[in-house]
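I have placed the structure first, in the form of structure tokens, so that the comments after it can refer back to it.
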Amino acid sequence: MAVAQLDSETLSTIKEESWFVIIGRRFIRHKLAVVGMVFVLVFIFAAIFANVLAPYDPYKQNLAPSYSNPSPEHILGTDELGRDVFSRLLYASRISLFVTVLVNFTGETIGVIVGATSGYFGKWVDSLIQRIVEFLLTLPTLPLLLFFSAMLRGITIPGLPDEWSKAIIISLVLIAFGWLTATRLVRGMVLSLREQDFVQAARALGASDWKIITKHMIPNSLAPVIVNLTLGLGGVIVLEAALSFLGFGITPPVPTWGNMLQNVQERMWQQPWLAFYPGLCIFLTSLSFNYIGDGLRDALDPRLKL
Amino acid sequence: MDTMNKQAQPDLLVVDKLVKYFPVRSGLLQRVTAWVQAVDKVSFAVKRGETLGMVGESGCGKTTVGRTLLRLIEPTAGDVYFEGKNVLKMGQRELKPLRRDMQIIFQDPYASLNPRMPIGESVMEGLQIHNIGRPKERWEIAINMLKKVGLEEYHARRYPHEFSGGQRQRIGIARALALNPKFIVCDEPVSALDVSIQSQVLNILKDLQSEFGLTYLFIAHNLSVVEHISDRVAVMYLGKMVELTDRESLYREPLHPYTQALLSAIPIPHPNVKRDRTILKGDVPSPLNPPKGCRFHTRCPIAIDKCSQEEPEFKEIKPGHWVACWKAE
């Protein structure tokens, strides 16, 4: 008995930790997630301080050394107009990261809200939302994105530099089609959770629909959404590249990783590194986000011992 | 409170001709093609401070009755009066204060707790919803409740998967108790637990009943569990209540042939005891299309012609002994 008492006393005097500290400690046990986090932080740092870090003006053309090989002056070489590739990569990370983060976080948030509403309230609400989602999913994405980007190309957001206003408009177009998968994922989870006893218990306690959705439904349906989000973070960078290539995304001379990649395709065989660098940036970013997502999903699941 | 005293108590809950039909939808337009008659005109009353046991085989509508009382399932027809107020006629706003008085304990301890919520928070949830006390006081009430069911303070920050089935069932009890209710529907609270844990949970329920003056509707399919805990027992068959009386009369002289068959199915742990067993033939008919007349007549060993024609009324044949059977009169 004495042993048991001692046990309960020591345990109850353990300092209370906030939720964030606990999640943080569980997160850092996932080694690859930590590596991914470091990479993403480096990219974000580079994006914010691009103007300080870049050795050259990314727009300054210098035709004499076009397509020059990497050298001490231009560590990653120059492109077709003699612009410094390294400087352009740094500036490109600004728009690429901004677009992908904005599109994915907004898209997934909308998806979670709409999906939870659809699954929880059921009946005609569910039918209506699901028919809309199904309709949008059957439309071919790329032609539609092209159509919308072409339509919105002339519009600029006042007070913003041209490239940022373009980035936001592209983001809006991508968000319009970015919430569909998350909606279906969350709806499916909520449908199965709705019949569970702990949700019935919450209803018996008098919990409002809002409280049941936010405290019981959403926390229990986040795992697939996080995975979807991390896959999307890489996907949107590539999608933006495709749009840029077709001339509807963010167009040169403003650099993004996507349009840099597309720009060099004629010289792929002569100077393969020109395609390698932006490709590597896209690859590392999406891989890092993937591992962060993995780590986060595991850290948030109390059932896993980490 | 002894049994005589409990009999004299007023009714806390009165159920009058409760009906729940579930629609069966099919086809492209999801039209209603049939109705599952889960609960059909069930009437009974629960006295303040007593435990009313409710038995019957799977699918007879016990759970539906329990959940309908709390409006977790909306009934098709009928009335439920709790302390004189009609629960089924209440709007959501009137229903909320009532939630403090009526609670439920679930069968499956693995599904009844949110896996992503520390159990202390689960127990606290009701207090939060009803704005009782400040956050710190709520936490203390929650810990108090956990202690009442034999758990410790340090358990409060743990998650449901860190507990055994019996512990989780006790957490479910603590959650229901935190609001200090008057009436608790125990929906097969021990069916999912192994036998040694069953008695532990039953004893906790009994202790809490005498401490807080609780009233239970105890749903179960195990007759010996019901005998252990109930003051009165109701027997259900295929959505109908067939017999309702105090525990002694039911176990000593059951009047309905279905009750007799159920009781004769209880094994006696003695090799030499032989007794008359009433063995029922066939299966329970489908509640989609229940038999005409008495619903039990297809399997009843003593059925007469009348049984397949007219439905027997649920009547008080002796004082306090209600039966729905033509032969019992």
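The values are calculated or read from the model by the stated rules, or taken from the named source; none is laboratory data. Because the structure is a prediction, the values reported are computed rather than measured. Methodologically, a virtual Cβ is constructed for each residue, glycine included, from the backbone with ideal geometry; neighbour enumeration extends over all protein chains shown.
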Exercise. Would you say A:ILE237 is more than 14 Å from chain B (Cβ to nearest Cβ), modelled with pLDDT under 85 and surrounded by 17 or more Cβ atoms within 10 Å (Cβ to Cβ)?
Worked result: yes
Exercise. What do you reckon, is A:GLY232 buried (at least 22 other Cβ atoms within 10 Å of the Cβ), closer than 30 Å to A:LEU280 by Cβ and among the small types (Gly, Ala, Ser)?
Worked result: yes
Exercise. Scanning the stretch A:19-63 for residues that are charged (D, E, K, R) and at pLDDT 85 or above, which turns out surrounded by the most Cβ atoms within 10 Å (Cβ to Cβ)?
Worked result: A:ARG26
Problem set entry | Residues satisfying the stated conditions in the stretch A:36-81, i.e. aromatic (Phe, Trp, Tyr) and farther than 30 Å from A:GLY293 by Cα | A:TYR56, A:TYR59, A:TYR67
Exercise. So which of A:VAL85, A:VAL52, A:VAL38 ends up being of a type in the set (A, V, I, L, M, F, W, C) and within 17 Å of the chain's Cα centre (by Cα)?
Worked result: A:VAL38
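From A:GLY111, A:GLY107, grab the single residue that is buried (at least 17 other Cβ atoms within 10 Å of the Cβ), touching a Ser or Thr at 6+ places or on another chain (Cβ under 8 Å) and within 30 Å of A:SER192 (Cα to Cα). Full working, then the answer.
Values: A:GLY107 fails: touching a Ser or Thr at 6+ places or on another chain (Cβ under 8 Å).
Just one listed residue meets the conditions, A:GLY111.
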For this session: Find the residue count for the stretch B:65-89, including only residues that are more than 14 Å from chain A (Cβ to nearest Cβ), assigned to a strand (DSSP E or B) and either touching an Asp or Glu at 6+ places or on another chain (Cβ under 8 Å) or within 19 Å of B:GLN103 (Cβ to Cβ) (or both).
Result: 6
Exercise. Just one of B:SER196, B:SER210 is without any contact (Cβ under 8 Å) to a residue 24 or more places away in the chain, assigned to a helix (DSSP H, G or I) and over 16 Å from the mean Cα position of the chain (by Cα); which is it?
Worked result: B:SER196
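Restricting to the stretch B:114-126, count the residues that are at the interface with chain A (Cβ under 7 Å from one of its Cβ atoms), more than 23 Å from the chain's Cα centre (by Cα) and in a loop (DSSP other than H, G, I, E, B). Steps first, please.
Let us first name the residues in the stretch B:114-126 that are at the interface with chain A (Cβ under 7 Å from one of its Cβ atoms), namely B:114-116, B:125-126.
Add one more test, that the residue is more than 23 Å from the chain's Cα centre (by Cα), and what stays is B:115-116, B:125.
Now restrict to residues that are in a loop (DSSP other than H, G, I, E, B): B:115-116.
Matching residues across the stretch B:114-126 total 2.
Kindly indicate whether any position in the stretch A:82-90 is in a loop (DSSP other than H, G, I, E, B) and at pLDDT below 85.
Yes, that holds for at least one residue.
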Problem set entry | Hits in the stretch B:99-113 (condition: at the interface with another protein chain (Cβ under 7 Å from one of its Cβ atoms) and either over 23 Å from B:VAL46 (Cβ atoms) or assigned to a strand (DSSP E or B) (or both)) | B:GLN103, B:ILE104, B:ASP108, B:ALA111, B:LEU113
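Residues in the stretch B:16-59 that are of a type in the set (S, T, N, Q), part of a strand (DSSP E or B) and touching a residue at least 12 places away in the same chain (Cβ under 8 Å): how many?
Number of matching residues: 3.
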Exercise. Here are some residues: B:ARG67, B:ARG31, B:ARG116. Which one is surrounded by fewer than 15 Cβ atoms within 10 Å (Cβ to Cβ), within 30 Å of A:SER127 (Cβ to Cβ) and not polar (S, T, N, Q)?
Worked result: B:ARG31
Problem set entry | Selection status of A:THR285, of a type in the set (Val, Ile, Thr), surrounded by 20 or more Cβ atoms within 10 Å (Cβ to Cβ) and away from every other protein chain (no Cβ under 14 Å) | yes
For this session: Tell me, yes or no, whether the stretch A:179-189 has at least one residue that is touching a Ser or Thr at 6+ places or on another chain (Cβ under 6 Å), within 14 Å of chain B (Cβ to nearest Cβ) and of a type outside the set (Lys, Arg).
Result: yes
Seminar exercise, completed: Of the residues in the stretch A:213-226, those that are surrounded by 19 or more Cβ atoms within 10 Å (Cβ to Cβ) and at the interface with another protein chain (Cβ under 7 Å from one of its Cβ atoms) come to A:HIS216, A:ASN220
For this session: Please give the number of the condition B:TYR159 fails out of (1) more than 8 Å from every other protein chain (Cβ to nearest Cβ); (2) at pLDDT below 90.
Result: (1)
For this session: Look through B:LEU146, B:LEU151, B:LEU179, B:LEU217 and report the one residue that is in a helix (DSSP H, G or I) and either within 26 Å of B:PHE82 (Cβ to Cβ) or within 13 Å of chain A (Cβ to nearest Cβ) (or both).
Result: B:LEU146
For this session: Name the one entry in A:PRO302, A:PRO253, A:PRO278 that is more than 14 Å from every other protein chain (Cβ to nearest Cβ) and more than 23 Å from the chain's Cα centre (by Cα).
Result: A:PRO253
For this session: Scan the stretch A:190-212 for residues that are of a type in the set (A, V, I, L, M), surrounded by fewer than 24 Cβ atoms within 10 Å (Cβ to Cβ) and more than 9 Å from chain B (Cβ to nearest Cβ) and jot them down.
Result: A:LEU191, A:LEU193, A:ILE212
